[in-house]
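Throughout, read-outs are computed from the coordinates displayed, never taken from laboratory work. This one's a predicted model, so the numbers in the text were calculated from it and none came from an experiment. Every residue, glycine as well, gets a Cβ built from its backbone with ideal geometry; the counts of neighbours run over all protein chains shown.
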Amino acid sequence: MRLIPGIVLFAIACTASSSSQEQRAAKSRPPRGVITGTIYCADTNTPARLAHVTLLPATNQSGQTFMAQSDLEGRFAIGRVPEGTYYVSAKLDGYLDPFPRPGARGLNGMSSDEKKQLDAQAIRVSVAADQTASIAVRLERAAVMEGTVLYDDGSPAIGLQITIHPKQDQVEKKVPEEGVAILMAMTEAFQRVTDDHGHFRALGLAPGEYLVSTMVSTASGAAPPANPIADAVKFSQSGGLTIYYGDTPRKSNAKPVKIEGGESVPGIDITIPLSKLHSIQGQVLLKRTGQPPAMASLQLLYADSHEFARTAVAVNGEFALDYVPEGSYILQASASTDPVPAMDQDTGDLVVSGSLGFFVATGDFDIPSNFKQDSSAETPLDVHGEVAAVTIYVPDPAAKKPATASMPYPTVSVQPPQQ
């Protein structure tokens, strides 16, 4: 019997401690509420069934996001939402998301004017503690773009990605009421793949003007790749062959596609001119010694405007640019201080370091300004057939500034591209 008082005191102490912990936890948890809503399709006035709904914090960008899916009546409910204001995003194939994506900088990177514009046009909902907030969302029908990609021998171009992006001047000159459509179009990559007939169908396009293009690799299968790095560049966006709607390889000559609203835009056809593609082969040599540099970078530019056309890499002085459209060009070259890629004896992978390693790691070869140095040289080229035995002499490479601790160049291993 003497143990009972001790047990009682211990139980009371545990209860008090537990109660204190619960009170502290309750104080640390923000007040929460509930959001319910219904989503409709504006063109049919029927429920938007199985749409994906996301709540994004409008006042605390580091806060939590919440997701739900609408049911067969278009309804959704999200519970235990912390007090605050949220943007509402709703996605359903073929319809426009009412929330305009804020671009690569994110909500935290927006200026005050951009934030005001976003607040004026986006759907917002406020959540209060122990309260239920209800909203209704109507989704507007998005535009559809259709077309076919063929080779000029009439065969379908199968399995190619179609890229659709806004015209750059439209982005720069946008007026406030155009902001939602343009920002959304810029942020989301509208990429589609051609089917077995070369046909593509792109959904979800907002009003605006767009450029449509496709890209094919320029790696040649006539012989084993001389160097996997040179071929890796040929598989990249700026080392490949890009053809725009309007049947042109030049972005400046691309034919824009204007979309007014939720319409269907057919006939966006592209022809890849196989019969007018040629190769350029040659070597890069150092002026001082006449010897090839271990690594050199090349930029192919259009002669009349210096518009960027193609990038390539020469290893041990040798280079080949395959599938080049007919035209007049300027070939720029500069020797690099990057080490020659080495083959890993155990894995067979190519080990790449220096700034080239950075480009391989990020996949970003489209930086002509980084290759244009005081040590570059150039030569004009008229391409209306095969061009061989091109020799371009370049100065010794300029001394490279050491990489800073905050931005070291990575060392990466890559496998040869699969042919």
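Could you compute Rg(Cα) / (2.2 N^0.38 Å) for segment 32-139, with N its residue count?
1.05
Skipping prolines and chain starts, which residues have an amide H placed within reach, meaning under 5 Å, of the one on Thr311, given they are 5 or more residues away or on another chain?
Gly239, Leu300
How long is the gain from Glu326 to Tyr393 if the chain were fully straight, where each residue apart is worth 0.36 nm and the alpha carbon distance is subtracted?
Here the answer is 21.7 nm.
Rank the residues Ser112, Ser134, Ser334, Ser213 as a footprinting-exposure proxy: fewest other Cβ atoms within 10 Å of their Cβ go first.
In order of increasing Cβ crowding within 10 Å: Ser112, Ser134, Ser213, Ser334.
What spacing in nm lies between the two simple spin-label points modelled at Thr46 and Asp304, each 7 Å away from Cα in the Cβ direction?
5.2 nm
If the chain between Arg288 and Lys276 were fully stretched, how many nm would it gain, using 0.36 nm times the residue separation less the Cα-Cα distance?
0.6 nm
Taking a threshold of 30 Å on the Cα-Cα distance, which of the pairs Lys234/Lys287; Lys115/Lys258; Lys167/Lys234; Lys116/Lys167; Lys115/Lys255; Lys116/Lys255 fall above it?
Over 30 Å apart, Cα to Cα: Lys115/Lys255; Lys116/Lys255.
Apply the Karplus curve 6.51 cos²θ - 1.76 cosθ + 1.60, θ = phi - 60°, to the phi angles in segment 381-397 and return the couplings in whole Hz, x for Gly and Pro.
9, 10, 9, 9, x, 5, 10, 10, 6, 7, 10, 10, 9, 10, x, 4, x
Residue separation times 0.36 nm, minus the C-alpha to C-alpha distance between Asn316 and Ile158: what's the value? Walk me through the numbers on the way to the answer.
Details: separation 158, 0.36 × 158 = 56.88 nm, distance 3.52 nm.
Result: 53.4 nm gained on full extension.
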